[in-house]
Amino acid sequence: MPTRNIKLTISYDGSAYHGWQIQPDRLTIQEVIERAILQITGESSRLASAGRTDTGVHAIGQVASFKTNSTIPAGKFRPAIQSRLPDDVVIRDSCEVPIDFHAGHAAKWKLYRYLILNSDIPHAHLHRFTTRIATKLDVTKMDQAARSLVGKHDFRSFESHYPNKATSVRHVKHCRVQQGVSWSAWRPSLQGNPILDEDSSIISLDIVADGFLYNMVRAIMGTLLKIGSGDWPVDAAKRVREAMDRKQAGPTAPPQGLYLMHVEYERDFDPDRIP
């Protein structure tokens, strides 16, 4: 019987992986980390995750936990596991938690972010990490529509292959769309003299909820893109939610723009205190 429980905070580039969860004959994030744990502890440990990200989806703050009898100090698991991982999977932190802690069940809320490169010209270094939309998007309308999704509702209209869970009711605590310029590290500018390029804007959807349904964020993003492009009116997001019919929502947006940013276990949601 394992006597310890170790919590890992993980970031990864999901481009080369078939999602988080172990699959037969397909490489996944869970598989490479469990393999690394086996190599350093000699134990076959199963990771419990905060979210099962899909193929091509990324993470900045994924959380997973595993049980062990290893005597390795908690903080030393981070470099030890990292030494057996590829460069596109990074252990950011390791700590010991109570034996009954489960990375998924214990989560209070999660933050997902979806990034759009709104440009008619592709970006060679961002194609794996954003979804490019060439059509000029109306960010104000997208933000207005996103706000209409805040609250405790049945989100089955945004769930692929309903039903996947016992209930499709979720509490969305925050849902906003905003626009900014692309990352400064990629911009041809000198310090203090930024060169702004309106054709290289980044549009981001931030959504916080107590839980998420299968493809929920990507379906919401697909719906907001319909609104931002002018195909649908601003109130379409609310009408889609109330219809409780996946066929009424927009298409599922591509995976490469989606990131699991943060999983919270300690505090109630406060937009001014997100790490």
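The values are calculated or read from the model by the stated rules, or taken from the named source; none is laboratory data. Computed from a prediction, not measured in an experiment: that's the story for all the values here. Heads up, the Cβs are rebuilt from the backbone with ideal geometry, glycines too, and the neighbour counts pull from every protein chain shown.
Yes or no, residue by residue, for (1) hydroxyl-bearing (Ser, Thr, Tyr); (2) within 24 Å of Thr130 (Cα to Cα):
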| site | (1), (2) |
| --- | --- |
| Gln23 | no, no |
| Ala36 | no, no |
| Arg46 | no, no |
| Gly51 | no, yes |
| Ser65 | yes, no |
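Can you tell me which of Gln256, Gln248, Gln191 is modelled with pLDDT under 95 and not β-branched (Val, Ile, Thr)? Within the list Gln256, Gln248, Gln191, the selection yields Gln191.
Report the residue count in region 1-31 for those that are β-branched (Val, Ile, Thr) and surrounded by 20 or more Cβ atoms within 10 Å (Cβ to Cβ). Number of matching residues: 4.
Quick one: Asp54 ticks every box in (1) touching a Pro at 6+ places or on another chain (Cβ under 7 Å); (2) not in a loop (DSSP other than H, G, I, E, B) bar one, so which box is it? Asp54 satisfies every listed condition except (2). Quick one: in region 26-51, which of the residues that are in a strand (DSSP E or B) and not basic (Lys, Arg) is nearest to the chain's Cα centre (by Cα)? Among those residues, the one meeting the criterion is Ser49. Can you confirm whether region 149-163 contains a residue that is part of a helix (DSSP H, G or I), crowded, with 16+ Cβ neighbours inside 10 Å, aromatic (Phe, Trp, Tyr) and assigned by TED's automatic domain parsing to the domain that holds Phe212? Checked against the condition, which is being part of a helix (DSSP H, G or I), crowded, with 16+ Cβ neighbours inside 10 Å, aromatic (Phe, Trp, Tyr) and assigned by TED's automatic domain parsing to the domain that holds Phe212, region 149-163 yields at least one hit. What are the residues in region 57-95 that are part of a loop (DSSP other than H, G, I, E, B), in contact (Cβ under 8 Å) with a residue 60 or more places away in the chain and surrounded by 15 or more Cβ atoms within 10 Å (Cβ to Cβ), if any? Within region 57-95, Val57, Ser70, Asp88 qualify. The residue list Ile227, Ile207, Ile220 contains one member that is in the same structural domain as Val150 (by TED's automatic domain parsing), among the β-branched types (Val, Ile, Thr) and either at pLDDT below 95 or out of contact with any strand residue (DSSP E or B) (no Cβ under 8 Å at 6 or more places or on another chain) (or both), which is Ile227.
Note on region 104-119: among residues that are within 15 Å of the chain's Cα centre (by Cα) and not in a strand (DSSP E or B), the one that is farthest from Glu266 (Cα to Cα) is Gly104. Among the numbered conditions (1) in contact with a helix residue (DSSP H, G or I) (Cβ under 9 Å, 6 or more places away or on another chain); (2) not in a helix (DSSP H, G or I), tell me where Ile99 comes up short. Every condition holds for Ile99 apart from (1). Please work out which residue is surrounded by the most Cβ atoms within 10 Å (Cβ to Cβ), limiting yourself to region 120-145 and to residues that are without any contact (Cβ under 8 Å) to a residue 40 or more places away in the chain and in a loop (DSSP other than H, G, I, E, B). Of everything passing the filter in region 120-145, Lys136 is surrounded by the most Cβ atoms within 10 Å (Cβ to Cβ). Of the residues screened, Ile37 is one that is crowded, with 18+ Cβ neighbours inside 10 Å and either over 28 Å from Asp210 (Cβ atoms) or at pLDDT below 95 (or both).
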